1. Could you tell me whether any residue of segment 284-298 is within 12 Å of the ligand (Cβ to nearest atom), open to solvent by 50 Å² or more (accessible area, probe 1.4 Å) and of a type in the set (Lys, Arg)?
2. When residues of segment 277-312 are filtered for being in contact (Cβ under 8 Å) with a residue 12 or more places away in the chain and assigned to a helix (DSSP H, G or I), how many remain?
3. Which of the residues spanning segment 313-328 are part of a helix (DSSP H, G or I) and away from the ligand (no atom under 16 Å from the Cβ)?
4. Could you tell me which of the residues Arg117, Arg132 is within 15 Å of the ligand (Cβ to nearest atom), open to solvent by 50 Å² or more (accessible area, probe 1.4 Å) and either in the same structural domain as Leu60 (by TED's automatic domain parsing) or within 30 Å of Thr254 (Cα to Cα) (or both)?
5. I'd like the full set of residues that are outside any strand (DSSP E or B) and over 29 Å from Lys97 (Cα atoms), limited to segment 136-160.
6. Tell me the residue from Glu89, Glu142 that is of a type outside the set (A, V, I, L, M), open to solvent by 30 Å² or more (accessible area, probe 1.4 Å), over 24 Å from Phe173 (Cα atoms) and not assigned by TED's automatic domain parsing to the domain that holds Ser305, please.
7. From the residues in segment 15-52 that are open to solvent by less than 10 Å² (accessible area, probe 1.4 Å) and outside any helix (DSSP H, G or I), which one is farthest from the ligand (Cβ to nearest atom)?
8. Which one is farthest from Ala293 (Cα to Cα), of the residues in segment 64-110 that are in contact with a Phe, Trp or Tyr (Cβ under 8 Å, 6 or more places away or on another chain) and within 13 Å of the ligand (Cβ to nearest atom)?
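The values are calculated or read from the model by the stated rules, or taken from the named source; none is laboratory data. Only a predicted model underlies this, so the values are computations on that prediction, with no experimental measurement involved. Don't worry about glycine lacking a Cβ; one is built from the backbone with ideal geometry, like all the others, and counts go over all protein chains shown. The protein model used for the area step is the full one, side chains on, heavy atoms only, and it has no ligands, DNA or RNA in it. Shrake-Rupley method; radii C 1.70, N 1.55, O 1.52, S 1.80 Å.
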Amino acid sequence: MRINLALLKGDGIGPEIVDSACHVLDTVARRYSHDIAYTSLLAGGCAIDATGVPLPKETLDECLKSDSVLLGAVGGPKWDTLPGHLRPEKALLGVRKALGLYANIRPAKLYSALADRCPLRVVDDFDILIVRELTGGIYFGESGRRNGQYGEEAFDTECYSEKEIERIGRVAFEAAKKRNKKLTSIDKANVLESSRLWRETMHKLSHEYKEVEYADMLVDNAAMQLIKNPAQFDVIVTSNMFGDILSDEASQLTGSIGMLPSASLGESTRGMYEPIHGSAPDIAGKGIANPIATILSVAMMLRYSFSLEKEADCIENAVVKTLDQEYFTGDIGGKMTNNEITDKIIENL
Ligand code: NAD
């Protein structure tokens, strides 16, 4: 298979971790006779420095022509004082919007080798996939300020259409079908009308996926259950804001932010893949960043965009083996550099 990848290395540790992930990808591609072509593009702070805007038109055009996008991370203190529309993060929102990426998929998995990094005292290994709606809900509804009875008021509105709920629901049911066939939909249907439509729509959809064990859970209970017994979850589907909060909660249970990949998907097979962490300016340029989140993002890309299951398994198994051999970077209690752990993963492929 020939794959054209748009690379947005971004800022801080972005270039280091993307380079590591590309070495791993190239090795797997050679083994399975795939041909990967990369186009490196400016996005984020580096794009602001070079062109004055976080997402130059050329970058967006090339992303739209690519088969998928791999992103490192954007941002850093240098650009923190810029006005909102010129901030590095605008690049991510711009790509997500232009590519119609409405589903954010974040695995949160506790690896046996890292069990003692989990902040919970007693925990079974867990492997959760959170499917978060990414382009609707309260982050995109009507908002504003107005004069009310008691002075200035501010409001944000949550609005979801049946169509938006159904399409994210399908992504989640399909994902559950390929995993342990268990889906929990998280809402606040005891209070919010948007959540009641969410629940009704998910229930209707569940009749089409009889092989998937389906349950609803209120978001306050879900926040508690994630701490009490994370292993009870397989796939979780939820709205934009609840997903934002719960996926950060779940990620902390895995021990390090440097381990967690993510995918943003839309109607086509083209997705954007990125680690969940940021540009880590405190360690940028030192060669000590953990590249595993980005390497696992490449595995997700092979699986979700190109249906290359064997190749994705190959990368994921090599990561597990490397951790089992107790090769760790600083964030997970070791001393290895980015390059050293990348070489070990490549050896284990
Ligand atoms: P961060 O994720 O960059 O860093 C938080 C802490 O985790 C730091 O101590 C960092 O050294 C560590 N860390 C993160 N990734 C690591 C890795 N791969 N290996 C080892 N350690 C790692 O979050 P922050 O400090 O809040 O943000 C820094 C910048 O990144 C900000 O400008 C922020 O806006 C941006 N950011 C970008 C994205 C993105 O591009 N998707 C996401 C979050 C934050």
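1. yes
2. Of the residues in segment 277-312, 15 are in contact (Cβ under 8 Å) with a residue 12 or more places away in the chain and assigned to a helix (DSSP H, G or I).
3. Asp313, Cys314, Ile315, Glu316, Asn317, Ala318, Val320, Lys321, Asp324
4. Arg117
5. If the condition is that a residue be outside any strand (DSSP E or B) and over 29 Å from Lys97 (Cα atoms), then Gln149, Tyr150 are the ones that fit.
6. Criteria check complete, one pass: Glu142.
7. Ala43
8. Per the stated criteria, the residue is Arg87.
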